[in-house]
Amino acid sequence: MPERRQHLFLAYHRGEPAATAGYFAFPRSAYLLGGVVLPDHRGRGLYRALVSARLGHARAQGIPLATTHAREASSAPILERLGFATICRFPRYFS
């Protein structure tokens, strides 16, 4: 479906669903959302693999830019190591 804007991804580890993520496509950018790795499967590169899969898919669709909103204590450091830059920070009002 070429007009489809939301794209969902599922990663498996040893045949078991272990992580999920998605992105929302705009004409000139992809907004990465919802990257989650189940606790028993963390530390195996699944989050990074899902970032790579989403960026590759968006690039194949002709989308040149990706953005996201990441938590400072979890995904933000991984995304920075992958080349994302922090543009601004938002206060968090819940724990």
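What to note about this one:
- Listed by first and then second residue, the pairs linking a residue in the range 74-91 that is farther than 11 Å from R48 by Cα to a residue that is surrounded by 13 or more Cβ atoms within 10 Å (Cβ to Cβ), with Cβ atoms under 8 Å apart and 6 or more places separating them unless they lie on different chains, are A76/A70; F84/A66; F84/T68; F84/A70; T86/A76.
- The test for being modelled with pLDDT of 95 or more, surrounded by fewer than 11 Cβ atoms within 10 Å (Cβ to Cβ) and out of contact with any Asp or Glu (no Cβ under 6 Å at 6 or more places or on another chain) holds for G62.
- Close pairs from the range 52-69: first closer than 16 Å to G34 by Cα, partner in a helix (DSSP H, G or I) and among the aliphatic types (A, V, I, L, M), Cβ under 7 Å, at least 6 apart: A66/L55; A66/A58; T68/L79
- Sole exception among (1) in a strand (DSSP E or B); (2) surrounded by 14 or more Cβ atoms within 10 Å (Cβ to Cβ) for G34, by number: (2)
The values are calculated or read from the model by the stated rules, or taken from the named source; none is laboratory data. Just so it is clear, the model here is predicted, and its values are computed rather than measured. Cβ: placed from backbone, ideal geometry, glycine included. Neighbour counts: every protein chain shown.
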